[in-house]
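These notes are about the structure you will find just below.
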Amino acid sequence: MNRLLHKTLKTYSIFALFVLAASVPAYYFLTDHIWLRELDEHNEIIAQRTEKELNKLQLSELQLSQSLALWNSLKPGTYLKPLTVIKERPDSFYTVLRPNPYSEKPSIDRFRGLSKIIHINGKPFELFAETNVEETEETVAAIAVLTFLFFLILVAGLLFLTRRLSAQLWKPFRNTLAKLKNFRLNSATPLVFEQSDTAEFEELNNALRKLIAQNISAYKAQKEFTENASHELQTPLAIIKNKLDLLLQKESLTERQYQLIEEINKSLTRITGINRNLLLLAKIENHQFDDMSDVNVSTIVEQCSELSGDFFEQKNLHLQTTVETNVIISSNATLVEILVNNLLMNAYRHTVHNGHISIQLNKAKLSVYNSGKQALDSRIIFERFSKKTGEHTGTGLGLAIIKEICVRHKWDINYQFKNEQHCFSVIF
Amino acid sequence: MKVLIIEDEPELAQSIAEYLSEESYRCEFASSFTDALEKISIYEYDCILLDIMLPDGNGLTILEELARQRKQEGVIILSAKGSIDDKIRGLQIGADDYLTKPFHLAELAARIYSIIRRKQFGNVNIVEQNELQINLPAKTVTVNGTSLTLTKKEFDLLLYFLSNKNRVISKSTLAEYLSGDYADMLDNHDFIYAHIKNLKKKLTQAGCDHYLKTIYGTGYKWEV
């Protein structure tokens, strides 16, 4: 993932590259133009001076032709050519490339020239004044190198500034993000964002505040609903149960009718269980089990395994306990007992006849192993009502309660399947 | 024996009364807090069933009132809340037992039975039925004078049957009684068979009559 500022930096750099690249020909044309104009002026001055000074000398025909011969053989930047026919024409400017005969390396120089008709001693001459001018490619290369240098300075500067700005500008954003990451809907503490002087971040914080407030209130309403609904259900459930008890006492009851009542009773037990467990979950979530004390987990594990022994015997399950004595952990005693019982009952329910269950407890963790054939989907087993289809007993809440108790105590719960054994571990 | 049912839900109160009336209990009703306060200050009861969530007051206040008046009635709290705090507070103020709704009437009858017996007989709390003698505080059973070794579950079952004489008790009711809150987690209730079978065998071997009958295949009845 790219950082946001790096993305803008990339775009800016590409843009700067285009602009600076486009500036190279622009600079070239500008400097070349200025240069040529200055040279034209320079050549004009030379031409005027040549004309004036030669006329001032008042040379004779012979002297003039001798001087011109010498002049033209030296060609010190100007060249005079006598004209036979008098023709008036405007001055003409030109650029010409000539090889440099004096250079050791073969090189071609560029010249800017002026061709002008001048009059010496009343006779017309064509004067050529030429001045060396920087070659195109040399100018372009120099500008390009300089531009590229500036481009590098620009990118380096942007990179540096981006780093600095990223740390400063995004600080409120990072604060908000860190708070959001740590936010838990079920922890009753509302989120407080730091005030930011950046309009966008303040807007973001406001939107988040509103969203979180709505979430908290929806979550609270849902929790209250669960608790209230569960409470309200207890009385009608009690009435049904008691009426069935009375119905069972009727003399005229047939065996079929008795069986029907038993079937209703079984379902009723299940509803009651679901209801009780939902209520328990709601209560844990509503912080009704928050009082902590030093709990002797070893004793609880031993008591629970003793109580479940009866059920285990019925299925001929082999129970093995490796419990370190006096494992004292600061926790809620009621919840620990529910946790251990749920782990044991879960193991009991999902172990086939003649299987084995083992419980291990030490200061670091509590593990319950039971024999099994197939690994469970560890992603969903702790979800409410996530039990496999085809199961007709249980409330589908046992593991959800285990998970919730672990969350409450900030313990880790994990599930593994190894050597044909399911293993649930609570890491204290 | 007189039982006061303090319960605002009439259907529930009537069911309880109907079940208990066959066991020679006389039931009276109080459907509100004020009604209940009035009744307890005028009459004497053997047992009071107290719903702590009443429309016009908290049942725990009635408990406090009973303690203030130094009444000796046995009190069983009936609560839809099932919160541990309530339970602990109720038992601290002076309730003898606590039952969470929904409950089986047989369970309630068993609790009333043991509370009334405890209140009436104290340490000489011995139930006698022909050749059968049960010492409740000592948890011992004798048949024709010879003592019987029962497991805790077998003893509990025996007492449960004795407090629900001549009533049909279904297997699921017994399963709930023996497994408590974990009844809903059990795939089947077959473990009941083993306990009943053992109990029957021990009683018969000691020369006890066949009081425990199997009804409709999976139900049980203690017939006297």
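Identify all aspartates and glutamates with a Cα-Cα distance to A:K56 below 19 Å; exclude those on the same chain that are fewer than 8 residues away in sequence.
By straight Cα distance, A:K56 reaches A:E44, A:E126.
For segment A:4-160, what does the relative contact order come out to in percent, with C-alpha contacts under 8 Å and a separation of six or more?
28 percent.
So how far apart, in nm, are the two label points at A:Y102 and A:R384 if each is 7 Å from Cα heading toward Cβ?
10.0 nm
Under the rule of at least 5 residues apart or a separate chain, name every residue whose amide H is placed under 5 Å from the amide H of B:K2.
The list, which skips near neighbours in sequence, is B:R26, B:D46, B:C47.
For A:N121 and A:I45, what is the calculated FRET efficiency with R₀ set at 25 Å and r taken between the beta-carbons, to the nearest 0.05?
Rounded to the nearest 0.05, the efficiency is 0.70.
Please label the shape of the protein assembly as shown as rounded, prolate or oblate, based on the square roots a ≥ b ≥ c of the eigenvalues of the alpha-carbon gyration tensor (a/c under 1.5 means rounded; beyond that, a/b larger than b/c means prolate, else oblate).
prolate
Within segment B:2-119, what percent of beta bridges assigned by DSSP are antiparallel, to the nearest 5?
Within segment B:2-119, antiparallel bridges account for around 10 percent of the total.
If each DSSP helix of 4+ residues adds -39,500 (n - 2.57) and the sum is divided by the residues in chain A, what number results at 222 nm, nearest 500 deg cm²/dmol?
Result for chain A, helices only: -20000 deg cm²/dmol.
For the pair A:L17 and A:L180, what calculated FRET efficiency results from E = 1/(1 + (r/R0)^6), where r is the Cβ-Cβ distance and R0 = 45 Å, to the nearest 0.05?
With a Förster radius of 45 Å, E is 0.75.
In nm, give the distance between the simple-model label positions of B:K165 and A:K418, each being 7 Å from the Cα along the Cα-to-Cβ direction.
Going from the B:K165 label point to the A:K418 one covers 6.0 nm.
What FRET efficiency comes out for A:Q259 versus B:N144 if R0 is 41 angstrom and r is the Cβ-Cβ distance? Round to the nearest 0.05.
Once the sixth-power term is evaluated, E becomes 0.65.
Just to be sure I understand the rule: take each whole DSSP H helix in chain A, project its Cα atoms onto its long axis, keep it if the span is 30 Å or more and its mean Kyte-Doolittle hydropathy is at least -0.5. Which ones pass?
Both cut-offs are met by A:4-57, A:136-169, A:199-248, A:255-285.
What is the local net charge at B:S179, summed over the other residues whose Cβ is closer than 11 Å to its Cβ (Lys, Arg +1; Asp, Glu -1)?
For residues surrounding B:S179, the net value is -3.
For a quick check: sort A:C304, A:C423 by the number of other beta carbons within 10 angstrom, fewest at the front.
A:C423, A:C304
Compute the Cα gyration tensor for segment A:1-74, then decide on rounded, prolate or oblate, letting a ≥ b ≥ c be the square roots of its eigenvalues: rounded whenever a/c is under 1.5, prolate when a/b is larger than b/c in the other cases, and oblate in all that remain.
In terms of gyration-tensor shape, prolate.
Please state the shape class of segment A:293-427: rounded when a/c is under 1.5, otherwise prolate if a/b exceeds b/c and oblate if not, all from the C-alpha gyration tensor.
oblate
In what order do B:M1, B:M185 fall by count of nearby beta-carbon atoms within 10 Å, going from fewest to most?
Final ranking by Cβ density, sparse to dense: B:M1, B:M185.
Which one of B:Y160, B:Y182, B:Y25 has the biggest mean-square fluctuation once chain B is modelled by GNM with Cα springs under 10 Å?
Checking each option, the largest mean-square fluctuation is seen for B:Y182.
Can you give the calculated 222 nm mean residue ellipticity of chain B, where each DSSP H run of n ≥ 4 adds -39,500 (n - 2.57) and the sum is split over every residue, rounded to the nearest 500 deg cm²/dmol?
It lands at -13000 deg cm²/dmol.
Can you give me the Cα centroid spacing of segment A:340-366 and segment B:146-213 in angstrom?
Using only Cα atoms, the two centres lie 27 Å from each other.
Counting only DSSP beta bridges with both residues in the protein assembly as shown, what percent are antiparallel, rounded to the nearest 5?
75 percent
Give me A:D291, A:D32 sorted ascending by neighbouring Cβ count inside 10 Å, so fewest comes first.
Arranged by neighbour count, lowest to highest, A:D291, A:D32 become A:D291, A:D32.
Can you tell me how much longer the chain between B:N123 and B:D209 gets when fully stretched, taken as 0.36 nm per residue apart minus their C-alpha distance, in nm with one decimal?
28.3 nm
Are any of the pairs A:K266/B:K81; A:K171/A:K403; B:K2/B:K171 more than 26 Å apart by Cα-Cα distance, and if so, which?
From the list (A:K266/B:K81; A:K171/A:K403; B:K2/B:K171), the Cα-Cα distance tops 26 Å for A:K171/A:K403; B:K2/B:K171.
Be a star and scan segment A:1-40 for residues whose amide nitrogen sits under 16 Å from the point 7 Å along the Cα-to-Cβ vector of A:R163.
A:3, A:5-7, A:9-10
Could you work out how far the C-alpha centroid of segment A:204-225 sits from that of segment A:18-86, in angstrom?
One Cα centre to the other: 87 Å.
When the gyration tensor of segment A:4-160 is built from Cα positions, what are the square roots of 5 times its three eigenvalues, in whole Å, from largest to smallest?
50, 16, 11
Give, as ranges by residue number, the residues of segment B:137-171 whose backbone N falls under 20 Å from the point 7 Å along Cα→Cβ of B:E18.
Only B:164-171 fall inside the zone, counting backbone N under 20 Å.
Bear in mind these aren't lab numbers, they're just calculated from the coordinates by the rules spelled out. These figures come from a predicted structure and were not determined experimentally. Virtual Cβ from ideal backbone geometry, glycine too; neighbours counted across all protein chains shown.
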